[in-house]
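Derivation of every value follows stated rules applied to the coordinates shown; laboratory data play no part. Just so we're clear, the structure is a prediction, and the values are computed from it rather than from any experiment. FYI the Cβ positions are ideal-geometry reconstructions off the backbone, even for glycines, and counts take in every protein chain you see.
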Amino acid sequence: MPEEQRARGATLRTEGMPLGPLNKATLTTEPVEPSVRPSLKQRLCGGPDGSVEGRDETRERARALGISTPLYEPFPGVLPGHEDRARLHPTSAGFWQYFCPELGRGIGLAEVRAFLGYGREMYVRGPLAARWSEHPDYEAWLRWPVPLELDLPEPCPQPARELAAWIATFVGLRDARWPLDEPFVFGHDFAQAYTGLTADRVKAGKSWLERARVLHRRGTHGRAILWILEAQLHAATRQRSDTSQEQR
Ligand SMILES: [Zn+2]
C-alpha cells in the first residue's frame, strides 16, 4: 500500500476512533455482501517496510483482543461475564480458536471480537464474520482501510464525526473485490457493537449524517436499510477515471 494511503488511514483512525473499552450491545444486522472469505493479501501491511513476513500475526490479533499471554498458554478470560481461564489454539484447518470452559467450545477470533462488541455470545457467520475478523486485524494494524475522504460540513457534532469515521473504516476494510460504491447495511445494534458508541450517539450521528447528505439511503436488504457514503461515490468515480486514464 502506498505510504500516503497508509498515512491517511492512520489519520482517520486517530481522529474518529476510540480504541478504548468496548460497549455492550445486543442483536445483530447481517451485512449484505455475498459470503466470501476475506482476502487479506490485498491490504495487508505489516512492518514499516510494508512486509508481513516475520511478524506473528496471531499474536498481534490476540493482543488487539486484550490477550497478552504467549500463545498456547492459559490466560484470564477476556469475554464479558467470564471469570475462567482461556487458551488460544490452532485448529487442524489452520485457524486459531479461543477455548474456555464457560463457552465449552472453541470460537474464532472474529467471534471473540463480536462477543466483546455485543457484550454477549454471538454466532457470526458469512459476511458478518468477515466484518468482525477485519475489525481486530485493523486494531492490530494488520489491515488498513481504503481511505475515503469524508466531507463533513461544519459545525459537525462529535457523534456524527465519530460515526462517519467508523463507517468509512468499516467500508474501507471490506474485501477489495467489492466495488467501492457497494452499499452496505449498518444496523443500529451492529453499529453500537462495532463502534462502541452508545445507542443515542449512533442514532443522533446517523440522523445528522443523513441530513448533511454525507450518508444516503440506497434501498433495503430484507428489512435492513442499505446505506452508501457520499465519499464512496466520489472514490468510485475517481477510481474509474484513474483506470480509464491508465488504459489510454
Ligand atoms: Zn470463558
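By the scheme Lys and Arg +1, Asp and Glu -1, what is the net charge of all other residues having a beta-carbon under 9 Å from that of residue 232?
Neighbourhood net charge equals -3.
For the range 57-139, just say rounded, prolate or oblate: build the C-alpha gyration tensor, square-root its eigenvalues into a ≥ b ≥ c, call rounded for a/c under 1.5, and beyond that prolate if a/b exceeds b/c, oblate if not.
Rounded shape, in that the Cα axes give a/c under 1.5.
What list of ³J(HN,Hα) couplings, whole Hz, do you get for the range 87-94 from phi and the Karplus terms 6.51, -1.76, 1.60, once you set θ to phi - 60° and write x for glycine and proline?
Listing the rounded values in order: 9, 9, 9, x, 8, 5, 7, x Hz.
Check residue 221: other-chain or 5+ apart residues with amide H under 5 Å from its amide H, H built from backbone geometry?
Those lying under 5 Å, H to H, from residue 221 are 226.
If packing is taken as the average count of other Cβ atoms within 10 Å, what order do 149-157, 96-104 fall into, highest mean first?
Most protected by this proxy first, the peptides run 96-104, 149-157.
Taking Cα pairs under 8 Å and at least six residues apart, what relative contact order does the range 57-139 come out at, in percent?
Relative CO of the range 57-139 lands at 23 percent.
Using packing as a proxy for protection, rank 221-228, 139-146 so that the peptide with the highest average count of other Cβ atoms within 10 Å comes first.
My ranking of the peptides, most packed first, is 139-146, 221-228.
Can you compute 3J(HN,Hα) from phi for each residue in the range 217-233, using the Karplus curve 6.51 cos²θ - 1.76 cosθ + 1.60 with θ = phi - 60°, rounded to whole Hz and x for Gly and Pro?
Each residue's phi maps through the Karplus curve to give 7, 10, x, 9, 10, x, 9, 8, 7, 9, 10, 8, 8, 3, 4, 5, 4 Hz.
Pop out the ³J(HN,Hα) list for the range 192-198 in order, Karplus 6.51 cos²θ - 1.76 cosθ + 1.60 with θ = phi - 60°, rounded to Hz; leave Gly and Pro as x.
5, 5, 6, 9, x, 7, 6
About the Cα centre of the range 57-139, what is the dipole size in debye to 20, counting +1 per Lys and Arg Cβ and -1 per Asp and Glu Cβ, all else neutral?
It comes to approximately 120 debye.
Out of residues 5 or more away from residue 86 or on other chains, whose amide H comes under 5 Å of its own, with H placed 1.01 Å from N in the peptide plane?
Under 5 Å from the amide H of residue 86 lie the amide H atoms of 75, 77, each far enough along the sequence or on another chain.
Under 5 Å between amide hydrogens, which residues at least 5 positions from residue 97 or on another chain qualify, with H placed 1.01 Å from N in the peptide plane?
Long-range HN contacts for residue 97: 89, 91.
Using DSSP to call loops (not H, G, I, E or B), can you name the trypsin sites (Lys or Arg not before Pro) in the range 153-205 whose Cβ has at most 12 other Cβ atoms within 10 angstrom?
Here the trypsin sites (Lys or Arg not before Pro) that fit, given the DSSP loop and packing criteria, are 177.
Sort 163-170, 205-212, 119-126, 71-78 for me by packing, meaning the mean count of neighbouring Cβ atoms within 10 Å per residue, highest on top.
Those peptides, ordered most packed to least, come out 163-170, 205-212, 119-126, 71-78.
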